[in-house]
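Each remark here refers to the structure printed beneath this line.
The values are calculated or read from the model by the stated rules, or taken from the named source; none is laboratory data. Note that the structure is predicted; figures quoted are calculated from it, not measured. Here the Cβ positions follow ideal geometry from the backbone for every residue, glycine too, while neighbour counts run over all protein chains shown. When the accessible area is computed, the model is the full protein with side chains, heavy atoms only, and any ligands, DNA or RNA have been set aside. Shrake-Rupley method; radii C 1.70, N 1.55, O 1.52, S 1.80 Å.
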Amino acid sequence: MEFIKVNSQFDKHVALIELNRPKELNALNLQLMGELRDALKELDDDNSVRVIILTGNEKAFAAGADIKQMADKSAIDMLKIDQFSTWDQIRKTKKPLIAAVSGFALGGGCELAMTCDMIIASETAKFGQPEIKIGVMPGAGGTQRLTKAIGKAKAMELVLTGRFISGQEAMGYGLVNKVVPVEMYMYEVSQLAKEIAQMSPIAAQLAKEAVNRSFETHLDEGLTFERKNFYLTFSSEDQKEGMAAFVEKRKPEYRGK
């Protein structure tokens, strides 16, 4: 793998993926996205990993798509390339996925961060969908996820003006979980990941699935799906261990079974 770095033992039950095109501000080309898809699939299949962190570097999480790969393409060329099938596979990651964002998260970078389940940002973070400034529009979920996260009016403003927003502004809109000094953002995300990794991985995956389903269904269907996943947790050893530990006033030891 050339454009990403993977540390599957970043912390106990926590894996770290780093985007690694620093000279290009981690611009998302086809190779990088393919490597990211494959790494996420591998970590999803690794029973020792319960939480995945995705990050770039202090200067840029990802400053957007690689425009050089697209500038001369026709609509048919883009259709044949089918770059968004890779995004669809990334979206299906089962384990909790946390974005650690510092510097630029623009265009495809913002869309990639929103594909994650949670976002911890540094004080230097800048989010935006500036595609309108080069004559196109978001194509990897920007119009959809941003609207669901911050509402129609603000999403419309950002998409139609291409304006950047700070991490603090993004947190105020509900896009980001927390904003911390740049020297603290990786520590903060690792603490959040460790906290989640202590939970039952089966329950965490089923809960993630249920939360995500709320964006795709109306309330009645969502509640039915939630209840099915709730009942399903009672088929796990983790449920027996968790409830026994509660009754016995001790810390549970989850095994992901």
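What the table below lists for this structure:
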| read-out | value |
| --- | --- |
| Residue in the range 174-185 that is buried (at least 19 other Cβ atoms within 10 Å of the Cβ), part of a helix (DSSP H, G or I) and not β-branched (V, I, T) present | yes |
| Checking V49 against (1) within 18 Å of E111 (Cα to Cα); (2) in contact with a strand residue (DSSP E or B) (Cβ under 6 Å, 6 or more places away or on another chain); (3) not small (G, A, S), the condition it does not meet | (1) |
| Which numbered condition I150 misses (of (1) more than 27 Å from L30 (Cβ to Cβ); (2) in contact (Cβ under 8 Å) with a residue 60 or more places away in the chain) | (2) |
| Residue that is most open to solvent (accessible area, probe 1.4 Å) [pool: residues in the range 115-145 that are aliphatic (A, V, I, L, M) and modelled with pLDDT of 95 or more] | M118 |
| Residue among S85, S8 that alone is touching a helix residue (DSSP H, G or I) at 6+ places or on another chain (Cβ under 8 Å) and of a type in the set (S, T, Y) | S8 |
| Looking only at the range 194-224, and only at residues there that are in contact with a helix residue (DSSP H, G or I) (Cβ under 6 Å, 6 or more places away or on another chain), modelled with pLDDT under 95 and assigned to a loop (DSSP other than H, G, I, E, B), the one that is most open to solvent (accessible area, probe 1.4 Å) | F215 |
| Of all residues in the range 146-173 being of a type in the set (S, T, Y) and surrounded by 15 or more Cβ atoms within 10 Å (Cβ to Cβ), the one that is nearest to E58 (Cα to Cα) | S166 |
| Conditions (1) farther than 17 Å from P96 by Cα; (2) at pLDDT 95 or above; number of the one not met by L232 | (2) |
| Those residues of the range 104-148 which are of a type in the set (K, R) and more than 13 Å from the chain's Cα centre (by Cα), in sequence order | K126, K133, K148 |
| Enumeration of residues in the range 225-240 that are open to solvent by less than 40 Å² (accessible area, probe 1.4 Å), out of contact with any Gly (no Cβ under 8 Å at 6 or more places or on another chain) and not hydrophobic (A, V, I, L, M, F, W, C) | N229, T233, S236, Q239 |
| Of all residues in the range 1-36 being within 15 Å of the chain's Cα centre (by Cα) and modelled with pLDDT of 95 or more, the one that is most open to solvent (accessible area, probe 1.4 Å) | E18 |
| Selection within the range 46-74 - open to solvent by 40 Å² or more (accessible area, probe 1.4 Å), assigned to a loop (DSSP other than H, G, I, E, B) and not charged (D, E, K, R) | N47, S48, N57, M70, A71, S74 |
